[in-house]
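Report on the following structure.
Each value in this text was obtained by applying a stated rule to the coordinates, not by laboratory testing. Keep in mind that this is a model prediction, so the values were computed, not measured. Heads up, the Cβs are rebuilt from the backbone with ideal geometry, glycines too, and the neighbour counts pull from every protein chain shown.
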Amino acid sequence: MDKDSTVRIGEMVVGPLATNCYLLSCRKTMKTVIIDPGGDAGKITDHISAEKILPVKILLTHGHSDHMAAAAELSRSYGIDIYIHEKDVETMKKSIEDAPMWGLGNIEAPDSVMTLSSDNTIKFGDLEGRIIDTPGHTLGGISLYIDGVVFVGDTLFARSIGRTDFFGGDMNTLLESIRTNLFSLPDKTIVFCGHGPSTSIAVEKAQNPFLNGLI
């Protein structure tokens, strides 16, 4: 991120499936959104303490357990709400039930969640991010766009795309989400993915084999 950006981004890899958890902070107020806390709650809280940031919301890009395994504990610890798209509440419930067979163990279900739709925004401190509908990996997958960056969960990866063979997945829907809703963002937009390295809209338009007909 540009040093003059109003957004400060912390990133760590958490959980047995190496999920990228992001801590998105307002530089002025240090109020912070935790995006996809997929495990290792202690690691996340240690980072929060070290950076002296103030969590105010938890945002789930989708309901798979490897993206929310620490959400209930963090919600309770900081007294903050968990936000997820209304269409992915059922996905989350099913994924928690299935977590043991994926080697994720028993995951604590949140007591309650706040639901989002595509016309919502996420506000923290002096900042406001826009929710973008990106279904296909799940029924209610979302992305968060703010200040020239976008957090896409498992919708789009560096030169790859999310799986569609889970509950609620659909390949045609996923490709349409990327082409219509993500590729309409400025080419210079930095893409922060749910797993693996970051990329950009320009690079994925030019080089992603799933989107340019090479596969």
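For the residues Ser77, Ser184, what sequence is obtained by ranking on other C-beta atoms within 10 Å, fewest first?
Numbers: Ser77 14, Ser184 10.
Sorted ascending by nearby Cβ count, the order is Ser184, Ser77.
Dipole magnitude for the chain: computed about the Cα centre from +1 point charges on Lys and Arg Cβ and -1 point charges on Asp and Glu Cβ, it is near 540 debye.
With distances taken between every two different alpha-carbon atoms, the chain has a Kirkwood hydrodynamic radius of 17.0 Å.
Quick one: of the DSSP bridges fully inside the chain, what percent are antiparallel, nearest 5? Let's see the in-between values first.
Working: 27 of 42 bridges.
Close to 65 percent.
Can you figure out the FRET efficiency of Glu97 with Arg76, using R₀ = 25 Å and their beta-carbon distance, to the nearest 0.05?
Values: r = 21 Å, r/R0 = 0.83.
It comes out at approximately 0.75.
Averaging the sequence gap over all C-alpha pairs within less than 8 Å and six or more residues apart, then dividing by the number of residues, gives the range 7-207 a relative contact order of 16 percent. Loop-located trypsin sites (Lys or Arg not before Pro) across the range 26-106 with a Cβ neighbour count of 13 or fewer within 10 Å are Lys28, Lys52, with loop assigned by DSSP.
In order along the range 117-130, phi translates into HN-Hα couplings of 9, 5, 8, 8, 10, 10, 10, 7, x, 8, 10, 8, x, 9 Hz, rounded to whole numbers, per the Karplus curve 6.51 cos²θ - 1.76 cosθ + 1.60 with θ = phi - 60° and x for Gly and Pro.
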